[in-house]
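**Q** The structure that follows is given in the form of structure tokens.
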Amino acid sequence: MGTTSRPKTTGVRQFLDLEQQCNWIEGKTDLPDAGDRSESLEQRFKYAARFEKLLRRPQAREVLAILGLYGPNCIPMPRKTERYYWSVSCLPSTKDKPLIRVNASWMELFTLYAEGEDVRARFIVHLSDFTTDRSATPGRVDESFLEQSVAMPEDVSYFFPSGADIFGINVRGSVSIRKFLASRRVLRAIRTFNLTHMNRGRNAYQASHCYSVADYMLAE
């Protein structure tokens with residue numbers, strides 16, 4: 001008699017069942033996290049100079065403060081899942097010249113850029129979380145909600161990356177970024193998207209993880 005093998009459990013499903021994930025998305029539970037971090041000193045030293053360069057930028061203070069909001073609020077069990085299921089890159093060498101970028105699996109989650117001496121953020125989320133009818137229809141974007149979620153309507157814009165149900169949101173200025181992250185609907189959408197990609201398996205960007213930046217996301 002043949003045996004049927006169970007499908008391999010991937011991503012944070014190994015640590016969190018569906019109910020726990022749904023409760024976290026809705027803000028109904030605080031997830032137990034690891035007490036200690038699994039850290040590579042070689043990896044920390046690899047990006048130490050790049051982190052020092054970031055600290056000399058006029059935007060450094062706001063970047064680290066915003067990451068201090070994003071880390072504990074938008075990533076499930078950030079200590080337990082650090083590097084292997086999400087990572088943060090410091091001054092990554094890409095054409096758009098970001099200050100930091102947070103990734104999971106093969107997907108960008110959150111990026112901060114210089115905007116004069118302030119910052120600009122790019123969030124990647126599910127389109128269906130930001131439409132008026134919960135469909136993945138570009139023409140149904142809830143523009144009114146987006147404008148109410150920032151300090152001034154002109155601080156928010158959006159675009160459509162390639163891929164099904166993928167939506168990009170640009171938020172300009174640290175004041176508007178903070179207000180955006182304080183919205184319950186926005187936070188729920190960010191958590192949903194982040195979990196989607198953290199459940200897809202190991203993070204493809206482990207080699208670019210900057211522990212020095214992650215310290216601020218984990219309140220070290």
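**Q** Quick one: is residue 113 of a type in the set (Ser, Thr, Tyr), in contact with a Pro (Cβ under 9 Å, 6 or more places away or on another chain) and closer than 28 Å to residue 165 by Cα?
**A** Judged against the criteria, residue 113 is a match.
**Q** Sort through 69, 55, 109 and tell me the only one that's over 23 Å from residue 186 (Cα atoms) and in contact with a helix residue (DSSP H, G or I) (Cβ under 9 Å, 6 or more places away or on another chain).
**A** 55
**Q** Tell me, please, whether a residue that is under 13 Å from residue 213 (Cα atoms) and touching a strand residue (DSSP E or B) at 6+ places or on another chain (Cβ under 7 Å) can be found in region 114-132.
**A** For region 114-132, residues under 13 Å from residue 213 (Cα atoms) and touching a strand residue (DSSP E or B) at 6+ places or on another chain (Cβ under 7 Å): absent.
**Q** Against the conditions (1) assigned to a helix (DSSP H, G or I); (2) touching a Gly at 6+ places or on another chain (Cβ under 6 Å), where does residue 193 fall short? Just the number, please.
**A** (2)
**Q** With the requirement that a residue be more than 24 Å from residue 98 (Cβ to Cβ) and modelled with pLDDT of 95 or more, what does region 142-173 give you?
**A** The answer is 142, 143, 144, 145, 147, 148, 153.
**Q** Scan region 167-178 for residues that are touching an Asp or Glu at 6+ places or on another chain (Cβ under 7 Å) and either free of Cβ contacts under 8 Å to residues at least 12 places away in the same chain or not in a loop (DSSP other than H, G, I, E, B) (or both) and report the count.
**A** So the answer is 4.
**Q** Being surrounded by 20 or more Cβ atoms within 10 Å (Cβ to Cβ) and in contact with a Phe, Trp or Tyr (Cβ under 7 Å, 6 or more places away or on another chain) is the filter; apply it to region 182-205 and report the residue that is nearest to residue 154 (Cα to Cα).
**A** Among them, the one singled out is 186.
**Q** Specify the residue that is modelled with the lowest pLDDT; the eligible residues are those in region 1-15 that are under 21 Å from the mean Cα position of the chain (by Cα) and more than 20 Å from residue 125 (Cβ to Cβ).
**A** 10
**Q** Within the group 62, 26, which residue is out of contact with any strand residue (DSSP E or B) (no Cβ under 7 Å at 6 or more places or on another chain) and either loosely packed, with under 13 Cβ neighbours inside 10 Å or not aliphatic (A, V, I, L, M) (or both)? Before you say what the answer is, go through the steps one by one.
**A** Details: 62 fails: out of contact with any strand residue (DSSP E or B) (no Cβ under 7 Å at 6 or more places or on another chain).
Result: 26 is the single residue among 62, 26 that is out of contact with any strand residue (DSSP E or B) (no Cβ under 7 Å at 6 or more places or on another chain) and either loosely packed, with under 13 Cβ neighbours inside 10 Å or not aliphatic (A, V, I, L, M) (or both).
**Q** Continuing with the same structure: What's the number of the only condition in (1) within 29 Å of residue 93 (Cβ to Cβ); (2) assigned to a loop (DSSP other than H, G, I, E, B); (3) free of Cβ contacts under 8 Å to residues at least 24 places away in the same chain that residue 201 fails to meet?
**A** Looking at each condition in turn, residue 201 falls short on (3).
**Q** Just a yes or no: is a residue in region 70-79 touching a Pro at 6+ places or on another chain (Cβ under 6 Å) and farther than 26 Å from residue 158 by Cβ?
**A** From region 70-79, those touching a Pro at 6+ places or on another chain (Cβ under 6 Å) are 71; that's our starting set.
Cutting the leftovers down to farther than 26 Å from residue 158 by Cβ gives us none.
No, the conditions are met nowhere in region 70-79.
**Q** Just one of (1) of a type outside the set (A, V, I, L, M, F, W, C); (2) at pLDDT below 95; (3) over 18 Å from the mean Cα position of the chain (by Cα); (4) assigned to a helix (DSSP H, G or I) trips up residue 61, so point out which.
**A** (2)
**Q** Only one of 191, 185, 202 is among the basic types (Lys, Arg) and at pLDDT below 95; which? First the steps, then the outcome.
**A** Details: 191 fails: at pLDDT below 95; 185 fails: at pLDDT below 95.
Answer to the selection: 202.
**Q** Wholly within region 75-166, which strands (runs of 3 or more DSSP E) include no fewer than the required count, namely at least 2 residues that are farther than 29 Å from residue 20 by Cα, charged (D, E, K, R) and touching a residue at least 40 places away in the same chain (Cβ under 8 Å)?
**A** 118-125
**Q** Moving to a separate point now. Any idea which of 119, 141, 88, 125 is touching a Leu at 6+ places or on another chain (Cβ under 7 Å) and among the aliphatic types (A, V, I, L, M)?
**A** So the residue among 119, 141, 88, 125 that is touching a Leu at 6+ places or on another chain (Cβ under 7 Å) and among the aliphatic types (A, V, I, L, M) is 119.
The values are calculated or read from the model by the stated rules, or taken from the named source; none is laboratory data. None of the values given here were measured: they were computed from a predicted structure. Ideal geometry is used to build each Cβ from the backbone, glycine not excepted, and the neighbour counts take in all protein chains shown.
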